[in-house]
Amino acid sequence: MSENLTSPEADAQPGRDRREPMFPGGPAADPAGSHHERRIRSFQPRRSRVTTGQGDALRRLWSRWGLDIDGLRRLDLGELFGDPNLPVVLEIGFGMGEATAQMAAADPGTGILACDVHTPGQGNLLGLAERNGLNNVRVANGDAIILLREMLAPDSLAGIRVYFPDPWPKARHHKRRLIQPEFLALAATRLAPGALLHCATDWEPYAEQMLEVITASPDFENTQPDGGFAPRPEFRPLTRFEGQGLDKGHVVHDLLFRRRAS
């Protein structure tokens, strides 16, 4: 998951606070503010320019399909998606949202709560949702850990998807990787029994660590009889990042684990 909480245009405007949001009524610059602890995060800043179309989508559609992760309220997912019976999957880190939009279009009977902090990607996904009539997508702005811990009810999710998270390849940065025992323990409390945790990465050392850590978790069981990696399921489209990795000769690994019944 990447971070770009203010538009680069802010840097070029004299007298403008860099933390001031460029899109009034859109995603907040720092939704959780100072009322949640500062800690090591699994995402890093990445700046890129917000296009005219992305900015327009943020201004028009955020109040309809977007939400800030402020950590101050418990979400009612049925109310959020307009259907109390709709199963909802949390996607952590969606990049520019192309794969998210494809999955939402292919499975309109599942809601996707897509979480990221990259402003251009948020605007792009909102635009894709509007153009393709995807009423089953909601975009969450902020830290996924706060979303899981403070804003989602126990057993409320039908799945969690983590596709191509930052691998933090340097050994001294491994503590920043998202897939850790603490994350798994938290995620398990928010997943319904039998719900799927689906991770994918093209960074082999991270894939091996993911497999080791999730296998060791008492809350999850591997869907693969041999206890190894899974073939890419049909519902996960090839992402732009995956294509870039494949072009470089990387091997993509999928991990499919289910939350054990209590």
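Of all residues in region 201-223, count the ones that are touching a residue at least 40 places away in the same chain (Cβ under 8 Å), over 27 Å from residue 240 (Cα atoms) and in contact with a Phe, Trp or Tyr (Cβ under 7 Å, 6 or more places away or on another chain).
Residues in region 201-223 being touching a residue at least 40 places away in the same chain (Cβ under 8 Å), over 27 Å from residue 240 (Cα atoms) and in contact with a Phe, Trp or Tyr (Cβ under 7 Å, 6 or more places away or on another chain): 1 in total.
Name the residues in region 221-250 that are closer than 28 Å to residue 185 by Cα, open to solvent by 80 Å² or more (accessible area, probe 1.4 Å) and either in contact with a Ser or Thr (Cβ under 7 Å, 6 or more places away or on another chain) or part of a loop (DSSP other than H, G, I, E, B) (or both), would you?
225, 226, 231, 232, 234, 235
What pairs come up if the first residue lies in region 178-200 and is in contact (Cβ under 8 Å) with a residue 40 or more places away in the chain and farther than 12 Å from residue 161 by Cα, the second is part of a strand (DSSP E or B) and open to solvent by 20 Å² or more (accessible area, probe 1.4 Å), and their beta carbons are under 8 Å apart, counting only those six or more places apart or on different chains?
188/259; 192/158; 192/259; 193/259; 194/258; 194/259
In region 135-160, how many are assigned to a loop (DSSP other than H, G, I, E, B), open to solvent by less than 10 Å² (accessible area, probe 1.4 Å) and farther than 17 Å from residue 76 by Cβ?
Final tally of qualifying residues: 1.
Given (1) open to solvent by 60 Å² or more (accessible area, probe 1.4 Å); (2) in a helix (DSSP H, G or I); (3) of a type outside the set (Asp, Glu), identify the lone condition not met by residue 184.
With respect to (1) open to solvent by 60 Å² or more (accessible area, probe 1.4 Å); (2) in a helix (DSSP H, G or I); (3) of a type outside the set (Asp, Glu), residue 184 is out only on (1).
Output the qualifying pairs, or none if there are none: Cβ atoms under 7 angstrom, residues six or more apart or on different chains, first residue in region 59-86 and within 14 Å of residue 112 (Cα to Cα) and in a helix (DSSP H, G or I), second residue of a type in the set (Lys, Arg) and modelled with pLDDT of 95 or more.
65/138; 80/138; 81/138
Against the condition out of contact with any strand residue (DSSP E or B) (no Cβ under 7 Å at 6 or more places or on another chain) and open to solvent by 10 Å² or more (accessible area, probe 1.4 Å), how does residue 76 come out, does it pass?
Yes, satisfied.
Hey, does region 90-97 have a residue that's modelled with pLDDT of 95 or more, surrounded by fewer than 24 Cβ atoms within 10 Å (Cβ to Cβ) and out of contact with any Phe, Trp or Tyr (no Cβ under 9 Å at 6 or more places or on another chain)?
Checked region 90-97: no residue is modelled with pLDDT of 95 or more, surrounded by fewer than 24 Cβ atoms within 10 Å (Cβ to Cβ) and out of contact with any Phe, Trp or Tyr (no Cβ under 9 Å at 6 or more places or on another chain).
Of the residues 127, 123, 109, only one is touching a residue at least 12 places away in the same chain (Cβ under 8 Å), surrounded by 24 or more Cβ atoms within 10 Å (Cβ to Cβ) and over 24 Å from residue 252 (Cβ atoms); which? Before you say what the answer is, go through the steps one by one.
On the way: 127 fails: surrounded by 24 or more Cβ atoms within 10 Å (Cβ to Cβ); 109 fails: surrounded by 24 or more Cβ atoms within 10 Å (Cβ to Cβ).
Of 127, 123, 109, the one residue that is touching a residue at least 12 places away in the same chain (Cβ under 8 Å), surrounded by 24 or more Cβ atoms within 10 Å (Cβ to Cβ) and over 24 Å from residue 252 (Cβ atoms) is 123.
Quick check on region 153-171. Is at least one of its residues among the aliphatic types (A, V, I, L, M) and at pLDDT below 95?
Keep residues of region 153-171 that are among the aliphatic types (A, V, I, L, M), which gives 153, 157-158, 160, 162, 171.
Cutting the leftovers down to at pLDDT below 95 gives us 171.
Yes: region 153-171 contains one or more residues that are among the aliphatic types (A, V, I, L, M) and at pLDDT below 95.
Looking at region 204-231, which of its residues are among the aromatic types (Phe, Trp, Tyr) and under 16 Å from residue 177 (Cα atoms)? Before you say what the answer is, go through the steps one by one.
Step one: filter region 204-231 for residues among the aromatic types (Phe, Trp, Tyr), giving 206, 220, 229.
Result: 206, single match.
Considering every residue within region 190-202, establish whether at least one is assigned to a helix (DSSP H, G or I), of a type outside the set (Ser, Thr, Tyr) and more than 16 Å from the chain's Cα centre (by Cα).
Looking only at region 190-202, we keep the residues that are assigned to a helix (DSSP H, G or I), and these are 190.
Filter once more, keeping what is of a type outside the set (Ser, Thr, Tyr): 190.
Then keep just the ones that are more than 16 Å from the chain's Cα centre (by Cα); that gives none.
No, because not a single residue in region 190-202 is assigned to a helix (DSSP H, G or I), of a type outside the set (Ser, Thr, Tyr) and more than 16 Å from the chain's Cα centre (by Cα).
Does residue 254 count as within 29 Å of residue 105 (Cβ to Cβ), open to solvent by less than 80 Å² (accessible area, probe 1.4 Å), of a type outside the set (Gly, Ala, Ser) and at pLDDT 95 or above? Full working, then the answer.
On the way: within 29 Å of residue 105 (Cβ to Cβ): yes; open to solvent by less than 80 Å² (accessible area, probe 1.4 Å): yes; of a type outside the set (Gly, Ala, Ser): yes; at pLDDT 95 or above: yes.
Yes, satisfied.
Residues 249, 243, 227: which one is without any contact (Cβ under 8 Å) to a residue 40 or more places away in the chain and within 24 Å of residue 121 (Cα to Cα)? First the steps, then the outcome.
On the way: 249 fails: within 24 Å of residue 121 (Cα to Cα); 227 fails: within 24 Å of residue 121 (Cα to Cα).
Answer to the check: 243.
The values are calculated or read from the model by the stated rules, or taken from the named source; none is laboratory data. Keep in mind that this is a model prediction, so the values were computed, not measured. Here Cβ is always computed from backbone atoms with ideal geometry, including for glycine, and neighbour counts include all displayed protein chains. Remember, those area values only see protein heavy atoms, side chains included, never the ligands or the DNA or RNA. Shrake-Rupley method; radii C 1.70, N 1.55, O 1.52, S 1.80 Å.
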